[in-house]
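Have a look at the structure below, then the notes.
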Amino acid sequence: MSVIRFTDLTLGYDRHPAVHHLSGEIAEGSLTAVFGPNGAGKSTLLKGIVGTLRPLGGRIALGSGHRLAYLPQSAELDRSFPIHVYDLVAMGLWNRAGLFGGIGRAARAGIEEAIAAVGLTGFESRAIGTLSGGQMQRALFARLLLQDADVILLDEPFTAIDARTTADLLALVQRWHGEKRTVVAVLHDIEMVRRVFPQTLLLAREVVAWGETGETLTPGNLLAARRMVEAFDDHAAPCAA
Amino acid sequence: MPGPLDTPPERAFALLHDLLIGPFVEFDFMRRALVGIVALSVSAAPVGVILMLRRMSLTGDAMAHAILPGAALGYLVAGFSLPAMTLGGLAAGFAVALAAGAVARLTVLKEDASLAAFYLISLALGVTLVSLRGSAVDLLHVLFGNVLALDDSVLLLLAGVASVTLLLLAAIYRPLVLECVDPGFLRSVSRSGGMVHLSFLALVVLNLVAGFHALGTLLAVGLMMLPAAAARFWTADVTRLIVLASLFGMVSGYGGLVASYAAGAGLPAGPAVILAAGVVYLASLLFGSQGGLARRLLPGRHLQR
């Protein structure tokens, strides 16, 4: 069963493709790493799935009834905004509480549980501006936990995060996988991908390889990915395909 | 036998009464001014808090100016007519807010620059329109308002705007705060972002038009932004910010009116209210517990952990 299906998908900016003619699908309950050089279109692909970026061509089909959660690379989060960790995490309840829904005892227990699961107990009433980078990422993971989505998209969730925090958060990712949620993560740490992620999409604007991680991340494929031309060509002819 | 006011403490009380309470007991227009400013504080100050947190403080200022030509047009058509000037002001405020947003989205100009352009045009146009028909006194009234001449209809307008503002704020509070903190997250869970932004801009215009009737174009934004900025020096919690800003607005209103009454003709009431808000702001800037200057200069010993 596929959760996300790409059909000849092209995503990009100002007519320049960042993801070019991508076809394939992400299976339900799979744990997929998106790997590739800078500028390969990895973040763009996630934006396309979330729907904040409209395809230049082709289609993204999302299986019906799925709930999506998305952690962007560097959230457009205003860290100077006077709000507490507790309230930030509580935002994860949006789908259930909406505009007016009360946050009852069960929901409050859920918030505290999520905060405990990321190891931030004791930080509830700290202003988000006082958190370190790692603590902030923990808080955002707590919000993801609370969103209780069955498709989770993570864009470079462990960049500039220390080893201990990475290990803790990675354990959450594995827990989601164990709960049969579908997880897609953009990553840069090839050892981590090999160790934890069964599936890999090797992207260099076009798909270089996609499948079992061991078969995807071969020296030949990695070399091919590295040869990708990064610059846009303003005078490129329209794509015929 | 000594009279009722003969002992020193009694005399002091009588003096304080004359200064602080007497004007409001004695004069209807003082009571009306106070009620008007309390209503305005309840609604404009929370709007100001959100504006400040969204880094849109100058937007409020620009939009206050933008209201002028609309109100002036209403004045040209119908004289000092409340409905005409209100409708004109609302129309002009919305038009400029939407136009500035559209220019920012469709051209290379950023929103602050396009707002500045529009409000300068509006201000010049407004002053010209008022001068076409009215006298310098009328112009002063439009620019600075007359808080001591609030009649029933203006008070009803202020109270109505306050009620609408509080209800609408309550309705959009969650997505509004979310849109300020983490707009990307709101986009990923809901499509309400645009709606919320527009509703909020509507609230800004509505409150500026209300403030315009009490304090005039130039000062209306003062009761919106000064209490909000002052409150930020005392708390790092949105809810408390809103309550505190409203309180600061009311205190400034009261203080300004009392000072203006005591000073007589030398200190007009509208500017006195804004000056009082300015005093609250400066005091907060100096002594506030959240990043006030005094705390910065005398930080105290650092803690163990």
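From the list A:E179, A:E212, A:E206, exactly one residue is free of Cβ contacts under 8 Å to residues at least 12 places away in the same chain, more than 25 Å from A:L77 (Cα to Cα) and of a type in the set (D, E, K, R). Which is it?
A:E179
For segment A:180-213, which positions are among the aromatic types (F, W, Y) and in a strand (DSSP E or B)?
A:W210
Quickly run through segment A:153-171 and pick out the residues that are out of contact with any helix residue (DSSP H, G or I) (no Cβ under 7 Å at 6 or more places or on another chain), β-branched (V, I, T) and not in a loop (DSSP other than H, G, I, E, B).
Scanning segment A:153-171 gives a single hit, A:T166.
In segment A:53-103, which residues are loosely packed, with under 14 Cβ neighbours inside 10 Å, within 10 Å of chain B (Cβ to nearest Cβ) and modelled with pLDDT of 85 or more?
Result: A:R67, A:S80.
Could you say which residue among A:V193, A:V118 is crowded, with 21+ Cβ neighbours inside 10 Å and touching a residue at least 60 places away in the same chain (Cβ under 8 Å)?
Of A:V193, A:V118, the one residue that is crowded, with 21+ Cβ neighbours inside 10 Å and touching a residue at least 60 places away in the same chain (Cβ under 8 Å) is A:V193.
Of all residues in segment B:177-201 being assigned to a helix (DSSP H, G or I) and charged (D, E, K, R), which is nearest to the other protein chains (Cβ to nearest Cβ)?
The selected residue is B:R187.
Look at B:A202 and say whether it is closer than 17 Å to B:A64 by Cβ and buried (at least 21 other Cβ atoms within 10 Å of the Cβ).
Answer is no for this residue.
Condition check: without any contact (Cβ under 8 Å) to a residue 60 or more places away in the chain, under 23 Å from A:I190 (Cα atoms), away from chain B (no Cβ under 14 Å) and within 16 Å of the chain's Cα centre (by Cα). Does A:T32 satisfy that?
Criteria not met by A:T32.
Report, by residue number, each residue of segment A:37-94 that is polar (S, T, N, Q), in a loop (DSSP other than H, G, I, E, B) and under 13 Å from the mean Cα position of the chain (by Cα).
A:Q73, A:S74
Given the structure, is B:V127 at pLDDT 80 or above, within 14 Å of another protein chain (Cβ to nearest Cβ) and part of a helix (DSSP H, G or I)?
no
How do the pairs read when you match residues in segment A:222-241 that are under 14 Å from A:G41 (Cβ atoms) with residues anywhere that are of a type in the set (G, A, S) and modelled with pLDDT of 70 or more, using Cβ under 6 Å and keeping only pairs 6 or more apart or on different chains?
A:A225/A:G36; A:A225/A:A204; A:M228/A:A204; A:E230/A:G39
The values are calculated or read from the model by the stated rules, or taken from the named source; none is laboratory data. For clarity, every value in this text was computed on a predicted model and none was experimentally measured. Because the Cβ atoms are built from the backbone with ideal geometry, glycine has one as well, and the counts that use them run over all protein chains shown.
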